[in-house]
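Novice: Right, I'll just put the structure down here and ask away after.
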Amino acid sequence: MSMPTSSAAPVKVLVVDDSILMQKLMTKIIDSAPGFEVIGVAGSAEEGWDAIQELRPDVVTLDLELPGRHGLKLLARVLKQDPLPVLIVSAFGGPGADNTIQALELGAIDFIEKPDGTTHTLEGFMKHLVAGLQRAAGSRKMIAAARQIAQIAAPARPAPPKEPARAGKTSLIAIGASTGGVPAVQTVMRDLAHLRLPVVVVQHMPPGYTAKFAARLATATGLDVREAVDGDRLRPGSAVVAPGGLRHLEIEERRGEFVCVLKEGPLVSGHSPSVDVMFHSVARSLGAHAIGILLTGMGRDGADGLLAMRKAGAETLIQSGETCVVNGMPKAAFEMGAADRVVPLCQIGAAVGQLIGERPNLRSA
């Protein structure tokens, strides 16, 4: 990612929040961060839209709980008519979590939780806000192109095979994603739903959001999607999402069945849960009987694990850079030689469907 530097023009940020206290706090934090400057503040959706048209910011921070609860409407309008990176800055919990997941589905880059004086401290907020702005700034060159491509109609979903997909050798699909991953995961899982193969997802999110994410995936895909619980058995037509927090999700084979195992441990590749940990466990437990998919995200989590899956004989796909919101994780995997195929987001489902038919001719590990 190209980071803002003191020699380059600063990244222009518009703050949209109805709290004067938050406006002042965020302005102070952003203006003190190298390479960023606040060019305006707005206290309502209407003011926010007018400011975007007048000031032409590079990045927008958006509070969803604006007067009249119009934060989501403003987001949808911005992303439809004038795509630019939008970073959600929201209060945690309750309806706020639902709104945040919906905002990410619409195409918001990421979200930061407001400080509450207890779990979410001011110091942590400052750190996460600057990191979020850096992710948003790094996505500017790709975001418009990615959303234009995403609007292209995906190929028609093939009719369900007469024989169950599991008649082949694929027993599991493993998906990893981070920044920009919420709509990407939803797209891929919707296009894979007819295959009725078990799916395991690691999407970088803090506690309290992954259960909401799983519920929305269930609604969007028609699959039985839930937040993973230790000991869950993976069955056809089901999917699990790794819970946010301090535990990693691993897949183990027990008595001929594949089960979820949640283990506490240090951050791996900078994350918990880690895509790398999950992919490595799939490589150990399923070998060539799995498909690995690495989607949009900052950093390199998942690259090492995807390479392990490929070496174990699994088919591995990465999302093409031009369709990523942030081409960090897929790019790292590509550079390591971890990817069998590089596929645009809207074609990943069809590509996996083709691989299911190709599985009888697997290479050896």
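Novice: Please give the helix 181-192 orientation as an angle from the longest Cα principal axis of the chain, in degrees from 0 to 90, rounded to the nearest 10.
Specialist: 30 degrees
Novice: On to the next question. Taking amide H positions as placed 1.01 Å from N in the peptide plane, with prolines and chain starts having none, which residues 5 or more places from S19, or on another chain, fall under 5 Å of its amide H?
Specialist: none
Novice: Using a 7 Å offset from the Cα along the Cα-to-Cβ direction at both R77 and A8, what is the distance between the two label points in nm, to one decimal?
Specialist: So the two model labels end up 3.1 nm from each other.
Novice: Could you work out how much longer the chain between L55 and E37 gets when fully extended? Use 0.36 nm per residue separation minus the Cα distance between them, nm to one decimal.
Specialist: 5.2 nm
Novice: Mind pulling the angle between the C-alpha long axis of helix 45-55 and the longest principal axis of the chain? Nearest 10 degrees, somewhere in 0 to 90.
Specialist: Around 80 degrees separate the two axes.
Novice: So, one more: For a test of the definition: using alpha carbon positions, the gyration tensor, and the 1.5 limit on a/c, classify the stretch 209-357 as rounded, prolate or oblate.
Specialist: Because its axes are fairly even, with a/c under 1.5, the stretch 209-357 counts as rounded.
Novice: Quote the Stokes-Einstein diffusion coefficient, in whole µm² s⁻¹, for the stretch 17-64, based on the Kirkwood radius over alpha carbon pairs, a temperature of 25 °C and a viscosity of 0.890 mPa s.
Specialist: 221 µm²/s
Novice: With a 10 Å radius around each residue's Cβ, average the other Cβ atoms per peptide and rank 337-347, 187-197, 122-132, highest first.
Specialist: Those peptides, ordered most packed to least, come out 187-197, 337-347, 122-132.
Novice: Could you sort out which of K127/K311; K263/K311; K127/K212; K212/K311; K212/K263 sit more than 27 Å apart by Cα distance in this structure?
Specialist: K127/K311; K212/K311
Novice: Moving on to the next point. Tell me the volume per residue, in Å³, of the convex hull enclosing the alpha carbons of the stretch 292-353.
Specialist: Cα convex hull per residue, to the nearest whole number: 59 Å³.
Novice: What is the angle, in °, between the Cα long axis of helix 20-32 and the longest principal axis of the Cα atoms in the chain? Nearest 10 is fine, range 0 to 90.
Specialist: On a 0 to 90 degree scale, this one is about 80.
Novice: Please label the shape of the stretch 2-88 as rounded, prolate or oblate, based on the square roots a ≥ b ≥ c of the eigenvalues of the alpha-carbon gyration tensor (a/c under 1.5 means rounded; beyond that, a/b larger than b/c means prolate, else oblate).
Specialist: oblate
Novice: Let me have the relative contact order for the stretch 26-138, percent, based on Cα pairs under 8 Å that are six or more residues apart.
Specialist: The value is 22 percent.
Novice: Now for a separate question. Between L246 and V342, take the C-beta separation as r, use R0 = 45 Å, and let me know the FRET efficiency to the nearest 0.05.
Specialist: 0.85
Novice: Convex hull volume of the Cα atoms in the stretch 205-292, per residue, in Å³?
Specialist: Enclosed volume per residue, from the Cα hull, is 96 Å³.
Novice: Hey, if you drop one equal point scatterer on each alpha-carbon of the stretch 253-333 and run the Debye formula without solvent, what base-10 log of I(q)/I(0) do you get at q = 0.21 Å⁻¹?
Specialist: With no solvent term, the Cα-only Debye profile gives -0.94.
Novice: Less than 14 Å Cβ to Cβ from G124, Lys/Arg counted +1 and Asp/Glu -1: what total charge do the surrounding residues give?
Specialist: -1
Novice: Given a Förster distance of 25 angstrom, what is the FRET efficiency for K311 paired with V229, based on the Cβ-Cβ distance and rounded to 0.05?
Specialist: FRET efficiency, K311 to V229: 0.25.
Novice: Another one. Just to check, using Stokes-Einstein with a Kirkwood Rh over alpha carbon pairs, what's the diffusion coefficient of the chain at 25 °C and 0.890 mPa s in µm²/s?
Specialist: My calculation gives 118 µm²/s for D.
Laboratory data are not the source of any read-out in this text; all were calculated from the coordinates shown. Because the structure is a prediction, the values reported are computed rather than measured. Cβ sites come from the backbone with ideal geometry, for glycine too, and all protein chains shown count toward neighbours.
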